[in-house]
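Enquirer: Handing you a structure now.
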Amino acid sequence: MKNSYEDALAYFQVPFAHPGGKQLTSELFINEDITSETTILDAGCGTGSTSYLLSDLYHAKIEAIDKHSEMVQAATRRARKLAKPFRVSLGNVEKLSFSNQQFDFILSESVTAFTNVENTLKEFARVLKGKGKLYLIEMTKEASLTSEMEDEMKGFYQLEKVLSEKDWASALDRAGFKKVEVLKASTIAEMIAEGVKMGDDSSHQHIKLLNEDLSQVLIDHYQLNLQLSNHLGYRVIRAMKNDAHS
């Protein structure tokens, strides 16, 4: 069976594997009123780096889930380093085990795009409180991305589709999110020019020595992103089920 990009991230336990990396994550909730009673879902938590950061900053009640057992184990080890550990569990964002309207915030960092987007967004809407907020940092195609380029993306990342900014807005609306704001929009080329990280690659500088097949997947990932850097980007989106003014 062919190794996937997600398999490579899980094997090498790459932290903050999303555009903007740790810096962007640390800035997301600056203007939000978060207390020790605030409930946050880290959907697709990876190594637990984001949950650890948010726990350290806000001491909120955080649930972290991931579908890869290796990631769950890594996140659990990271959580135990905190005085108030976040909870980690094995789970699928397309079929969440949480109760209706359980969370004040949901954060998905380069996760939703790799799932059945419609199912995942509906689940996010279900478990989010009425006045809760969903934050997405997700891969987005630009208008110049050709169908051939899109097919290459879908093949490499095993995607059902590659969404444009308009596609994201429409999918969120269908899932029940009535207020959708794009907080940041950038192509990969613009991100590189600004010196913004494409995740945190410091932990896998010598990955080829560990697993050549999976290291090649990460190398191919970076090469594909560079190749399509003017045609592929990301969006930071904030979505709410209820308009704050309604």
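Enquirer: Any residue that is at pLDDT below 95 and of a type in the set (Gly, Ala, Ser) - is there at least one of those in segment 61-68?
Expert: No, the conditions are met nowhere in segment 61-68.
Enquirer: May I ask you to list the residues in segment 76-119 that are under 27 Å from Thr140 (Cα atoms) and in a helix (DSSP H, G or I)?
Expert: Thr112, Ala113, Phe114, Val117, Glu118, Asn119
Enquirer: In addition: Quick one: in segment 121-143, of everything that is of a type in the set (Asp, Glu) and outside any loop (DSSP other than H, G, I, E, B), which residue is least open to solvent (accessible area, probe 1.4 Å)?
Expert: For segment 121-143, the residue satisfying everything is Glu138.
Enquirer: When segment 55-88 is examined, which residues are found to be among the aliphatic types (A, V, I, L, M) and open to solvent by less than 50 Å² (accessible area, probe 1.4 Å)?
Expert: Ala60, Ile62, Ala64, Ile65, Met71, Val72, Ala74, Ala75, Ala79, Leu82, Val88
Enquirer: Does any residue of segment 33-49 turn out to be free of Cβ contacts under 8 Å to residues at least 12 places away in the same chain and either crowded, with 17+ Cβ neighbours inside 10 Å or not in a strand (DSSP E or B) (or both)?
Expert: Yes, there is a match, as at least one residue in segment 33-49 is free of Cβ contacts under 8 Å to residues at least 12 places away in the same chain and either crowded, with 17+ Cβ neighbours inside 10 Å or not in a strand (DSSP E or B) (or both).
Enquirer: Working only within segment 144-169, note down all residues that are in contact (Cβ under 8 Å) with a residue 60 or more places away in the chain, open to solvent by 50 Å² or more (accessible area, probe 1.4 Å) and either part of a loop (DSSP other than H, G, I, E, B) or in contact with a strand residue (DSSP E or B) (Cβ under 9 Å, 6 or more places away or on another chain) (or both).
Expert: Selection gives Ser144, Thr146, Gln158, Glu165.
Enquirer: Go through (1) under 16 Å from Ile106 (Cα atoms); (2) out of contact with any helix residue (DSSP H, G or I) (no Cβ under 7 Å at 6 or more places or on another chain) one by one and return the number of the condition Lys81 breaks.
Expert: It is condition (1) that Lys81 fails.
Enquirer: Take segment 170-183 and flag every residue that is part of a strand (DSSP E or B) and either modelled with pLDDT under 95 or loosely packed, with under 13 Cβ neighbours inside 10 Å (or both).
Expert: Glu181
Enquirer: So Val111 ticks every box in (1) open to solvent by 30 Å² or more (accessible area, probe 1.4 Å); (2) out of contact with any Phe, Trp or Tyr (no Cβ under 7 Å at 6 or more places or on another chain); (3) under 27 Å from Ser36 (Cβ atoms) but one. Which box is left unticked?
Expert: That leaves (1) as the condition not met.
Enquirer: When you check Glu118 against the structure, is it modelled with pLDDT of 95 or more, under 16 Å from the mean Cα position of the chain (by Cα), farther than 15 Å from Leu41 by Cα and open to solvent by 20 Å² or more (accessible area, probe 1.4 Å), yes or no?
Expert: Answer is yes for this residue.
The values are calculated or read from the model by the stated rules, or taken from the named source; none is laboratory data. Because the structure is predicted, anything quoted here is derived from the model rather than measured. Positions of Cβ are generated from backbone atoms using ideal geometry, with glycine treated the same way; all protein chains shown enter the neighbour counts. Note: accessible area is taken over every heavy atom of the protein model, side chains too, but ligands, DNA and RNA are not part of it. Shrake-Rupley method; radii C 1.70, N 1.55, O 1.52, S 1.80 Å.
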